[in-house]
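No lab work stands behind these numbers, since they all come straight from the coordinates. The shown structure was predicted, so the numbers you read here are calculated from the model rather than taken from an experiment. Note that each Cβ is placed from the backbone with ideal geometry, even for glycine, and that neighbours are counted across all protein chains shown.
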Amino acid sequence: MTDANQAEAKTEPGPRVPGNFLAALGLAGGFMAFVAWDQSHWWERKEDYSFGWLVPLFTAYMVYDRWAMITARVREAAGAAPGPRWARWTLNVAAGTGLVLGALFFLLGAFYRAGAGTSQPGTFALTLGMVGIVLPLIFFNAGGGDNPGPARGDAGPPARGIAELGREPRFRVAVLFLFPVLVWLISAPLVSAIESQISLFLLRKVVTVVAFSFDLLGYPLEQQGNVLMLPKGPVGVADACSGIRSLTACLFAGSFLGAAFFTEFWKKAVLVGASMGFAFLMNLGRSLFLTGWAYAHGPEAISGTVHDVAGYAVLGLTCAGLLVLVPLLNLRVERAGAGT
């Protein structure tokens, strides 16, 4: 837990955590358990999503790690004066809309699964519906939205409207669950059309760069679509590139590290963006290595251990790069002459 989290968690104890909030958490856990059971079909059968087995564990860990801060904010919300009417109305409408849409998507996914069995569209609809249900469920049961007493001001949206929304007690509770809930969208397989388009886009970029690099180094090869014709035989770049696997796994790693080490949104966004950039660059390096190995030893030499080790290296190096970024983003530059 970060220093900011620890400081907030040490607030003076107030009223007990409301029972309706604990019940909402239990119901949210039930929705997540159902989605985990549904997604496990893909975690087991699609290597691209095998990291999904870690999602329930990391979700439970994040809630456990933030539990003191969660309870502190819930107690604060239980006794807080309501915010401006426009802010409460905006958040209530947004959460209510999300809840209705989430329920519709979840029912759609359930009917799709009941009729067609396990399918990518059904799993994605169930996951999207779960997200739309759980976050509003936590928000509405965090307390503090309709407390009696004077509001902080109802004169209309101030210039710092977004900041005012961020100070709403129930919103401050719900935001702590963003990672534990939204991370399930990463472990859910995208619908086939979207997934294939993303994978094809990545493959085209990689094969173009690989062909250009070898031509620049003086090693002639011929590009035929996603196949590179080497002196010792053809190599399909799809065999030397994990496609969307690197992107989803590294995106999960970046999201987890951002949620675990940072409280500021911009730092989390930077780390998530960096994880996608690292994924592409490391995967490109993997493709260059495997193509060079095939160039020297033949296309059949890149199968088996060489291929697998290179694949795991992508995730390992990406995580190492993200871990290096964590202390850099936490650096505090002192002003010259401060304290003199």
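For this structure, a couple of remarks:
- Neighbour counts of other Cβ atoms within 10 Å put 297, 41 in the fewest-to-most order 297, 41.
- Residues residue 89 and residue 47, FRET efficiency given R0 of 56 Å [Cβ-Cβ distance, rounded to 0.05]: 0.75
- Checking every one of the chymotrypsin sites (Phe, Trp or Tyr not before Pro) in the stretch 251-296 against DSSP loop status and a limit of 16 other Cβ atoms within 10 Å picks out no site at all.
- Counting every other Cβ atom within 10 Å of each residue's Cβ, 184, 37 order from fewest to most as 37, 184.
- Along its first, second and third principal axes, ordered by size, the stretch 193-329 spans 53, 30, 28 Å in Cα coordinates.
- Among the trypsin sites (Lys or Arg not before Pro) in the stretch 246-340, those located in a DSSP loop and surrounded by at most 15 other Cβ atoms within 10 Å of their own Cβ are 332, 335.
- Gain upon complete extension [residue 97, residue 300; 0.36 nm per residue less C-alpha separation]: 67.7 nm
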